[in-house]
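Everything below concerns the one structure shown next.
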Amino acid sequence: MEVEKSSSPSHSMVKKGVGLKADAETAPRRRLPILHRLLIIKEIKVLPKKAEKSAAPRPAPPLESAAAERGMLFDNPKDAPAETIVSVYRINDLSTSDRWNFQNRSLVLIFAIFDYKLAGCMVSLPDGFTVVVVGGERKPIEKYRNLMLKHLKWTAVKSSQNAEGEEKEEENEIKKCVLLWEGRVAKPSFNKFTIHQCETEAEARKVFYDAGVTDYWDLAVNYSQ
């Protein structure tokens with residue numbers, strides 16, 4: 001019995017060897033869950049970045065880009081109320097009888113109403129001058145000023161030949177557009193853009209009288225070239 005209780009060195013070493021082998025096998029198993037956790041945590045951190053990349057906005061189609069570009073002209077409605085700037089123009093001849101005038105007249109209205117969303121009026125007299133008043137935010141007003149004073153050609157040019165057969169450009173009757181006044185106002189006088197073809201000066205002045213800005217009309221009447 002004593003022999004059975006006492007174990008030989010080889011038997012003990014085998015036991016120890018088995019124990020060491022078991023420790024070597026179980027050690028990695030204890031580290032694996034920790035490694036898995038680290039990988040999972042790393043993957044969780046990476047996922048939001050992947051989601052952000054996938055959710056990045058794609059380039060807008062041409063129509064949407066144009067609308068966005070047009071939208072950049074106007075202030076953010078969430079911000080403080082935008083200031084209103086008013087411009088008063090005088091065109092000495094914008095009668096509809098002239099084809100050249102018809103083209104310019106159409107552009108004046110299209111850009112004011114549709115492109116730049118300006119409020120105001122166009123008041124014309126037969127065989128007389130035309131007053132254009134526009135009010136709106138700063139950027140659209142600047143764009144419209146460039147249109148009226150730089151881009152639109154008010155005087156048509158026609159070619160003719162002189163006695164020597166050389167072509168010569170001659171301007172029609174001088175037509176021009178001038179900016180009479182531009183400045184900030186506390187409150188807009190117009191809430192939309194209207195068109196008035198008046199027969200008399202009294203009728204034209206009443207348009208501005210009803211809006212409370214007869215001084216705009218007086219500027220046009222008293223203007224001397």
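The figures follow:
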quantity	calculated
Some residue of segment 102-113 being modelled with pLDDT of 65 or more, over 17 Å from the mean Cα position of the chain (by Cα) and not in a helix (DSSP H, G or I)	no
Hey, Leu94 assigned to a helix (DSSP H, G or I), touching a helix residue (DSSP H, G or I) at 6+ places or on another chain (Cβ under 9 Å) and either of a type in the set (D, E, K, R) or open to solvent by less than 60 Å² (accessible area, probe 1.4 Å) (or both) or not	no
Counted residues, segment 210-225 - those being at negative phi, surrounded by fewer than 13 Cβ atoms within 10 Å (Cβ to Cβ) and in a loop (DSSP other than H, G, I, E, B)	3
In segment 119-140, the residues that are open to solvent by less than 10 Å² (accessible area, probe 1.4 Å) and within 21 Å of Gly212 (Cα to Cα)	Gly120, Cys121, Met122, Val123, Ser124, Thr130, Val131, Val132, Val133, Val134
Check on Lys206, surrounded by 10 or more Cβ atoms within 10 Å (Cβ to Cβ) and modelled with pLDDT under 90	no
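The values are calculated or read from the model by the stated rules, or taken from the named source; none is laboratory data. It should be emphasised that the depicted structure is a prediction, and the values quoted were computed from it without experimental measurement. In this analysis, Cβ positions are derived from the backbone assuming ideal geometry, glycine residues included, and neighbour counts consider all displayed protein chains. Ligands, DNA and RNA are excluded from the accessible area calculation, which covers all protein heavy atoms including side chains. Shrake-Rupley method; radii C 1.70, N 1.55, O 1.52, S 1.80 Å.
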